[in-house]
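Participant: Have a look at this one before I ask anything.
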Amino acid sequence: MTVVKMVAVDKDGTFLDDNKQYNRARFQACYQQMKQRDIKFVVASGNQYYQLKSFFPDIASEIAFVAENGAWIIDRDEELFCGSFSRADIDAVLDTLHNGNYPDLRYILCGRESAYYFEGIPESWLVKMRHYCHRLKAIRSLDDVGDDKLFKFALNLSDDYVEPLMADIARLHKDAAAATSSGHGSVDLIVPGNHKGHGLDLLGKRWGIDRSEILVFGDGGNDIEMLQQSGFSFAMANAPQKVKDVARYQAPNNNEEGVLQVIEQMLAGKPPFDKAGGQ
């Protein structure tokens, strides 16, 4: 009997190696077995949906995506959930970002139709961001966004200023925005409660799957909620200690195909997958 009914993977630093690749043949073998057993596969990432889809061209219409750290949830090409900030909250957060002491801060606004940056951002940084955002447009003001739903600020700044910025957001905007970090000077501001764990709950409700029946993998602060709540939670060996502390188990690191190793163990019914999750 399969005790796991859903597998959810973070992408960068977890499913992908440091070269942003994965063993496609090995994954495909795992995926076909999961499909035969009706085990759902979910990509849960801070990245843009359009970018995530590109990594799974053959099966993107068969699987689910918890994109933008949980702000936008797509199940087999159908939108299940799309959160958004109010325009007033966006203006207030922008005011904090512009007036705070955050040297070398760069940011983009992420929405359903595209991600956006204000004109004047250095091209060298935009080159990097285009890897994560396959849709990225320049704007002069928020009016240029039109009716798009904006649900995330993606910030990049010096590691030394990540904690102060996150503290400022918590102090000044606690009901309007929540700060989460995947490390490496990256901070995402999301609508409070619209995290990856919330996304998995919505998918679980749709599919009739309990938290105890979910296998998840992650390596960053933005994975903490889904690691805390899932029956089979694996932090990667390359994850920081605070992430390992909330997971029930540890997987080999991302450069050793750790996720696929554990999925193979799950499919074979090896421990800890020989008993119900969380026991």
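Rule-based calculations on the coordinates, nothing more; no lab input. Remember, predicted model here, so these are calculated numbers, not experimental data. Note that we place each Cβ from the backbone using ideal geometry, even for glycine, and neighbour counts take in every protein chain shown.
Participant: Looking at the calculated P(r) for the range 142-278, what percent of the C-alpha pair distances fall above 28 Å?
Facilitator: Percentage above 28 Å: 27.
Participant: Over 19 Å between Cα atoms, which of K11/K128; K11/K196; K40/K152; K5/K275; K40/K244; K152/K174 qualify?
Facilitator: K40/K152; K40/K244
Participant: In addition: Send over the per residue convex hull volume for the range 35-189, Cα only, as a whole number of Å³. Don't skip to the end; give the middle numbers.
Facilitator: Working: hull volume 19.2 nm³, N = 155.
Value for the range 35-189: 124 Å³ per residue.
Participant: I've got another one for you. For the range 29-105, what's the radius of gyration and Dmax over Cα atoms, in angstrom?
Facilitator: Cα radius of gyration and Dmax of the range 29-105 are 17.3, 54 Å respectively.
Participant: Another question about this same structure. Tell me whether the range 1-46 comes out rounded, prolate or oblate; compute the Cα gyration tensor, take square roots of the eigenvalues as a ≥ b ≥ c, and use a/c under 1.5 as the rounded threshold.
Facilitator: oblate
Participant: Can you tell me how much longer the chain between R140 and S86 gets when fully stretched, taken as 0.36 nm per residue apart minus their C-alpha distance, in nm with one decimal? Mind showing how you got there, number by number?
Facilitator: On the way: separation 54, 0.36 × 54 = 19.44 nm, distance 1.92 nm.
Result: 17.5 nm gained on full extension.
Participant: Sticking with this one: Dividing the alpha-carbon radius of gyration of the chain by 2.2 N^0.38 Å (N being the number of residues), what value is obtained?
Facilitator: Rounded to two decimals, the normalised Rg is 0.99.
Participant: Work through the residues other than I224 whose Cβ is under 10 Å from its Cβ and net out their charges, Lys, Arg +1 and Asp, Glu -1. Display every interim value, and only then the final one.
Facilitator: Values: positive: K196, K242; negative: D223, E225, D245.
My count for the surroundings of I224 gives -1.
Participant: Using unit Cβ charges (K, R positive; D, E negative) and no other charged atoms, how large, in debye to the nearest 20, is the dipole of the chain about its Cα centre?
Facilitator: Values: 31 positive and 40 negative charges, 156 e Å.
With Lys and Arg at +1 and Asp and Glu at -1, about 760 debye.
Participant: While we're looking at this one, here's another question. Over the chain, with a Gaussian network built from C-alpha contacts below 10 Å, which listed residue (V262, V187, V127) shows the highest mean-square fluctuation?
Facilitator: Comparing V262, V187, V127 in the GNM, the peak value goes to V127.
Participant: If you don't mind, another one. Subtract the Cα-Cα distance of Q265 and K128 from 0.36 nm times their separation in residues, and report this length gain in nm to one decimal. Write down the numbers at each step before the final one.
Facilitator: Working: separation 137, 0.36 × 137 = 49.32 nm, distance 3.54 nm.
Length difference between fully extended and current span is 45.8 nm.
Participant: Report the calculated FRET efficiency for K174 and L94 (r = Cβ-Cβ distance, R0 = 22 Å), to the nearest 0.05.
Facilitator: Approximately 0.85, to the nearest 0.05.
Participant: Rule-of-thumb check for the range 112-182: C-alpha Rg over 2.2 N^0.38 Å?
Facilitator: With N residues counted in the range 112-182, Rg over 2.2 N^0.38 Å equals 1.22.
Participant: For a Förster distance of 41 Å, can you work out the FRET efficiency between the beta-carbons of E78 and N101, rounded to the nearest 0.05?
Facilitator: Numbers: r = 44 Å, r/R0 = 1.06.
E(calc), rounded to 0.05, equals 0.40.
Participant: Give me the base-10 log of I(q)/I(0) for the range 149-224 at each q in 0.12 Å⁻¹, Debye formula, one uniform scatterer per Cα, rounded to two decimals.
Facilitator: Cα-only, vacuum Debye calculation for the range 149-224: -0.40.
Participant: Top mean-square fluctuation among A92, A138, A25, Gaussian network model of the chain, C-alpha springs under 10 Å?
Facilitator: Maximum fluctuation in the GNM of the chain, among the listed residues, is at A25.
Participant: Okay, moving on. Run the dipole for the range 1-45 about the Cα centre, Lys and Arg Cβ at +1, Asp and Glu Cβ at -1, nothing else charged, and hand back the magnitude in debye, nearest 20.
Facilitator: Magnitude of the dipole: close to 260 debye.
Participant: Considering the zone a paramagnetic label at N23 would reach in this model (a point 7 Å from Cα along the Cα-to-Cβ line), which residues of the range 211-232 have amide N under 20 Å from it?
Facilitator: Residues passing the 20 Å test: 216-219.
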